[in-house]
1. For the chain, take the longest principal axis of its alpha carbons; what is the angle in degrees between that and the long axis of helix 127-173, to the nearest 10 within 0 to 90?
2. Rounded to a whole number, what is D in µm²/s for segment 101-163 from Stokes-Einstein with the Kirkwood radius over alpha-carbon pairs (20 °C, 1.002 mPa s)?
3. What does the helix-only formula give at 222 nm for the chain: each DSSP H stretch with n ≥ 4 adding -39500 (n - 2.57), the total divided by the residues, and the result rounded to the nearest 500 deg cm²/dmol?
4. Using the Cα atoms of segment 88-221 to build a convex hull, what is its mean projected area in square nanometres?
5. Under 8 Å for C-alpha pairs, at least 6 residues apart: give me the relative contact order for the chain, rounded to a whole percent.
6. Mind checking which of I181, I103, I206 has the largest fluctuation in a GNM of the chain, springs on alpha carbons under 10 Å?
7. Comparing K38, K90, K173, which has the greatest mean-square fluctuation in the GNM of the chain with Cα pairs linked when under 10 Å apart?
8. Quick one: angle between helix 188-217 and the longest Cα principal axis of the chain, in degrees between 0 and 90, rounded to 10, please.
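Read-outs: derived from the displayed coordinates by stated rules, not from any lab. Since we're looking at a predicted model, the values are computed, not measured. As a convention, Cβ positions derive from the backbone with ideal geometry for all residues, glycine included, and neighbour counts pool all protein chains shown.
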Amino acid sequence: MSGLYGHRAKIMLIATVFILSACESTYYDTMEKVGIHKREILIDRIEAAQESQETGQQQFENALQQFRYVVNFDGGELETLYNKLNDEYKASINATETIHDRIDSVESVAEALFDEWTTELTLYTNANLRRDSARQLTDTRRRYERLMAAMRRTEQTIKPVLASLQDHVLYLKHNLNSRAIASLKGELATVDADVGTLINAMQKAIDESRAFVKDLRGNDA
């Protein structure tokens, strides 16, 4: 029975992917009919991904600052501090999910654009124009792959930061006392370094986004 269920699950997964792909394809076709091409959609989605990472930078800075407040606790209501840190953790999860979704959306339209571009190379009758367009396609894809690597690296860098925040939130949830706070003081340097690494990774992806969009807007192949 487990084999049958597994087979059905695979069929459902394939069907879901097909439906989603079909929806994207229909969307691109519809946008094309009103004069909005994949290149423009790609630029919009890259800029949206860039904005989500800029928001993410601020959010993780906020979470770090709240953790500093916790470890530097000097009287007051511990539960209030815990609730604020937990809120920042949840907001960080939301920011991470937005970043992931927007990177995926960039990847989706980019692959559609490159497939279309590759197919249209076969339609040229002028060999010189075809070679020039093929060269531009190769250059654009290479820059895109560098951008995507930077974006995916950001996602990987987020994971240890979120895991660390989760650990501290869980620990405080069940240990709202001064001794627990004292035990977290030694964690601050590590959290600080991890968030710093993450923010730098995000900045590199943001810089790559800006450079890629600038190149796309200056390249009308």
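1. 20 degrees
2. Values: Rh = 13.5 Å.
Translational D for this selection: 158 µm²/s.
3. -32000 deg cm²/dmol
4. On the way: hull surface 37.1 nm².
Answer in nm², one decimal: 9.3.
5. On the way: 155 pairs, mean separation 68.1, N = 221.
Over the chain, the number comes to 31 percent.
6. Sorting by GNM fluctuation, first place goes to I181.
7. K173
8. That works out to roughly 20 degrees.
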